[in-house]
1. Tell me which lysines have Cα within less than 23 Å of Lys170's Cα, excluding those fewer than 8 residues away on the same chain?
2. Roughly speaking, what is the centre-to-centre gap between region 17-31 and region 120-173 when only Cα atoms are used, to the nearest Å?
3. May I ask for the angle, rounded to the nearest 10°, between helix 293-302 and the longest principal axis of the chain, with both axes built from Cα atoms and the value confined to 0 to 90°?
4. Taking region 99-190, which GluC sites (Glu not before Pro) meet the DSSP loop condition and have no more than 16 other C-beta atoms within 10 Å?
5. Counting DSSP beta bridges in the chain, what percent are antiparallel, to the nearest 5?
6. Between Thr265 and Glu104, what FRET efficiency comes out of the Förster formula 1/(1 + (r/R0)^6) with R0 = 35 Å and r the beta carbon distance, rounded to 0.05?
7. Out of Gly79, Gly169, Gly206, any idea which swings most in a Gaussian network model of the chain, alpha carbons joined below 10 Å?
8. Can you list residues whose amide H is under 5 Å from Val153's amide H, if they're 5+ apart or on another chain and H is modeled 1.01 Å from N?
Amino acid sequence: MNDDIANLKWIDLHLHTSCSDGTCTPAELVRIAADQGLTYISITDHDTINGLREGIREARQQRVYLVPGIEISAKYTEGALHILGYGFDAEYLPLVDQLKRIQEVRRDRNVKIIERLQSLGIQIALEEMMGEKSDLKSLGRPHIAAVLVKKGVVRTMDEAFDRYLGKQGKAFVKKEVMTSAETIRLIHDAGGVAVLAHPSTLRLEGPSFAAFIVRLVAEGLDGIEVYSSAHTVLQTQAYLDIAGQFQLLVSGGSDFHGANKQDVTIAVCNNGRPIHSRMVSETLLQLAVPLCDSDADRKSDSE
Ligand code: AMP
Ligand code: ZN
Ligand code: FE
Ligand code: FE
């Protein structure tokens, strides 16, 4: 029994780095994950794969299995529809090109939000948002929220989103994004699997949630993030049931953003507890890059 516990492999398949809106660099994040005793992780930055190379290098050093990941926002009106891609070919050109386009949209939108804030009488400059970063492409609303907090315009990040940056906020600017069908297709074309992130942000329940899942499954959805820091006990159970009903892969992760989401702790995604490898689908863990290149060689020799 104790042996069994000792053999459990702790995992977190939803993590952000400073390549999007997290506060740890990819290498720092991997070291934190290793210190926390995690065996499997995924870097799932918003709309970018720029952190993967550094993350994989450090993961190999730390003997942590890293699944290449990404989180793409798809078209949705009520809440948020985010789709995670895992195990894709990060050099697949149509994916690289599309991500470039999305980042350009992100840059233009950041400029518009800053202009709206300025027109509301808030003294804020693009340079303040950028901090140490050299371009605007990988930045988003959390960076602007952090500046608003720092300047004392609002007290908390939540207040920044409620009053200015969220969908009901005074400086909200819509972002043109792909539909869920297009997003899933792109992930598949790149050889990856598509997983619905934190389904609770869809703000759907019961039959309307099930109907939405039917649509996503028809579009090719492979899995669902059952375990997330965003879910209540009841939601976690409901998503586990739905995964069984539609034979979807089961995934889980904290959605850690470092200091940009203070209420989220790395690895904690099951109602205050971590999750282990037997709680998610093995298919997802098998997408981890080998710990060293020779592992990959051995694998291809035996195929
Ligand atoms: P963007 O990518 O620019 O549209 O910003 C979306 C990001 O803002 C996501 O990572 C969300 O997790 C984050 N976000 C949304 N609401 C809040 C909030 N109240 N506090 C901090 N981050 C938030
Ligand atoms: Zn984020
Ligand atoms: Fe998300
Ligand atoms: Fe996320």
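1. Correct list for Lys170: Lys75, Lys112, Lys137, Lys150, Lys151, Lys261.
2. 20 Å
3. Taking the Cα atoms of the chain, the angle to 293-302 is about 50 degrees.
4. Values: sites: Glu104, Glu115, Glu127, Glu128, Glu132, Glu159, Glu176, Glu182; in loops: Glu132, Glu176.
Within region 99-190, the qualifying GluC sites (Glu not before Pro) (loop, at most 16 other Cβ atoms within 10 Å) are Glu132, Glu176.
5. On the way: 13 of 31 bridges.
Close to 40 percent.
6. Values: r = 33 Å, r/R0 = 0.96.
The calculated FRET efficiency here is 0.55.
7. Gly206
8. For Val153, no residues qualify.
Any read-out appearing in this document is the output of simple, stated calculations on the displayed coordinates, not a laboratory observation. Quantities reported herein were computed from a predicted structural model and do not represent experimental measurements. Every residue, glycine among them, receives a Cβ derived from its backbone with ideal geometry; neighbour counts consider all protein chains shown.
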